[in-house]
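Some notes on the structure that comes next.
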Amino acid sequence: MRIVRDKVKEYSPKRYCIFFKKIITSLSDIEKIQKDIIGQYKCQLIINGISPTIKHYLRLISDKNIFLNLYDLEGCSSIKYS
């Protein structure tokens, strides 16, 4: 979460999204940091898991095959593969 604070401080976004691979078990620490960043930088943090987020947005696409064929993840330099 320190990285989040640094990026919010540097770029001053109005909204910042954080996507987790793992299930979050300790919400109290994250909520404390979230409130601190909102109070200090006026930045809304959106915290969600990767899978629920993808499921949510894919349901809005009428033809997923067209979307997947047009969406080039490998050409996106901001995505890091692990």
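Scanning the range 1-48 for residues that are touching a strand residue (DSSP E or B) at 6+ places or on another chain (Cβ under 6 Å), part of a loop (DSSP other than H, G, I, E, B) and modelled with pLDDT under 90 yields nothing. Screening the range 29-58 for residues that are hydroxyl-bearing (Ser, Thr, Tyr) and open to solvent by less than 80 Å² (accessible area, probe 1.4 Å) and picking the one that is farthest from VAL4 (Cα to Cα) gives SER51.
Would you call ILE61 at pLDDT 85 or above and either surrounded by 13 or more Cβ atoms within 10 Å (Cβ to Cβ) or part of a helix (DSSP H, G or I) (or both)? Spelling it out, it is not the case that ILE61 is at pLDDT 85 or above and either surrounded by 13 or more Cβ atoms within 10 Å (Cβ to Cβ) or part of a helix (DSSP H, G or I) (or both). Pairs meeting the criteria (first residue in the range 43-66 and without any contact (Cβ under 8 Å) to a residue 12 or more places away in the chain, second residue in a strand (DSSP E or B), beta carbons under 9 Å, at least 6 apart or on different chains) are HIS56/ASN48.
The values are calculated or read from the model by the stated rules, or taken from the named source; none is laboratory data. Keep in mind the model is a prediction, meaning the values are calculated, not measured. Because the Cβ atoms are built from the backbone with ideal geometry, glycine has one as well, and the counts that use them run over all protein chains shown. Remember, those area values only see protein heavy atoms, side chains included, never the ligands or the DNA or RNA. Shrake-Rupley method; radii C 1.70, N 1.55, O 1.52, S 1.80 Å.
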